[in-house]
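The values are calculated or read from the model by the stated rules, or taken from the named source; none is laboratory data. Computed from a predicted model, the values in this text were never measured in an experiment. Because the Cβ atoms are built from the backbone with ideal geometry, glycine has one as well, and the counts that use them run over all protein chains shown. The accessibility values were calculated without ligands, DNA or RNA, using every heavy atom of the protein model including side chains. Shrake-Rupley method; radii C 1.70, N 1.55, O 1.52, S 1.80 Å.
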Amino acid sequence: MKRMKLYEADDKMIDLISDNHSMLQGLSAFGIRLGFGDKTVSEICAQQGVDCYTFLTVVNFLINGYSPKATDDNISVKTLLDYLRASHRYFLDFQLPSIRKKLEESLNLNTTTDAGKQESALVVLIMRLYDEYAHDIRLHMKYEEKTLFPYVEALLRGEKKPDYNVDIFAKHHSDTTGKFHELKNIIIKYLPHDGLTNNQLTSTLYDIYNNEEWLSNHSNVEEVLFVPAIRILEQKAKDDVSARISSMIRNADATESISEREKEIIVCLVQGMSNKEIAAHLYISVNTVMTHRRNIVRKLQIHSLAGLTIYAIANNLIPLH
């Protein structure tokens, strides 16, 4: 039995492709151009702006079924996102229309006889079935492009959307390969072969088989590599928020002490009072209120009302409801 090879950064790119021609489309999805000579994987990735670790992770997963631990935070989510988006474009804009055209041409029957008319009716049903399956897959990928991908981009910018997370996606993520599995079985089992251009139909079926495998690989990359990487990103975003709050409180404790009058003004601000209302409440001038507010910002390095509210709660200036 042939031993599987895990490809590494110092392997030549040409050897990787020669051993696994199925990775040609993967090169395109990563944005790697051909004509790389005898350069290594790391050299090509560096020259063409691709994260080498992420590229090799996908390659070794697709070729050997090797997957990293779910806690591996070395995968570049940005690189993986670009790869999946480019894969969608390849599949939706090229692969689906190409297979449809070949299928239509290979099922172009003579309809002058009764048998031909019966076969023609069956062909119409097969084409309709293909279009329905293609439509379902298109909707599946469009959902990811309109919902999941923008969510991931927001996480990469340091934003967190409270109404969505990757578990919502993972719960409803389904493998779409079964649709083409059913289609090819129907063609093989039930389509009469009289009058068919057999070589062309065989070639089309071969493409459908490859298409089924491509969809399965794509789905597995999303589930095994992309979803765990997003979970790590979500946790980092959550930890960053907690760290910022803790840092703010620590910095506040370490700064110049806040006077009792400044504490009173912080409470008034948190309660929603304007400068004029604070001045009237504390029997001081508006200018004095503004001076105290500048001192509060300088001492605490807190510029937002939300930040002052957290400070007030943390220092027991206001009750936590």
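When the Cα positions of I310, L24, I137 are compared along the charge dipole of the chain, I310 comes out farthest toward the positive end, with charges on each C-beta of Lys, Arg, Asp and Glu. Mind giving me the FRET efficiency for E277 and H181? R0 is 51 Å, r the Cβ-Cβ distance, nearest 0.05 is fine. Plugging the Cβ-Cβ distance into 1/(1 + (r/R0)^6) gives 0.15.
Rg then Dmax, both in Å and based on the Cα atoms of segment 1-73: 12.0, 37.
Work out the length of the dipole vector of the chain about its Cα centre, built from +1 on the beta-carbon of each Lys and Arg and -1 on the beta-carbon of each Asp and Glu, and round it to the nearest 20 debye.
In debye, rounded to 20, the chain gives about 1020.
Annotation: cysteines of the chain without a disulfide-compatible partner (Cβ-Cβ under 4.7 angstrom) are C268. Surface composition of the chain: carbon and sulfur atoms hold 52% of the protein heavy-atom accessible area at a 1.4 Å probe. Ranked by the mean number of other Cβ atoms within 10 Å of their residues, highest first, the peptides 264-273, 14-23 fall in the order 264-273, 14-23.
Of the options [x] 6, 25, 35, 25, 8, 1; [y] 5, 19, 19, 17, 13, 11, 8, 5, 3, 1, 0; [z] 6, 26, 32, 24, 11, 2, 0, only one is P(r) over Cα pairs in 10 Å bins from 0, in percent as computed from these coordinates, and that is [y].
Residues R33, R293 ordered from highest to lowest accessible area at a 1.4 Å probe: R33, R293. Simple rule: put +1 on each Lys or Arg Cβ and -1 on each Asp or Glu Cβ in the chain, find the dipole, and look at V77, Q301, S42; the Cα lying farthest toward the positive end is Q301.
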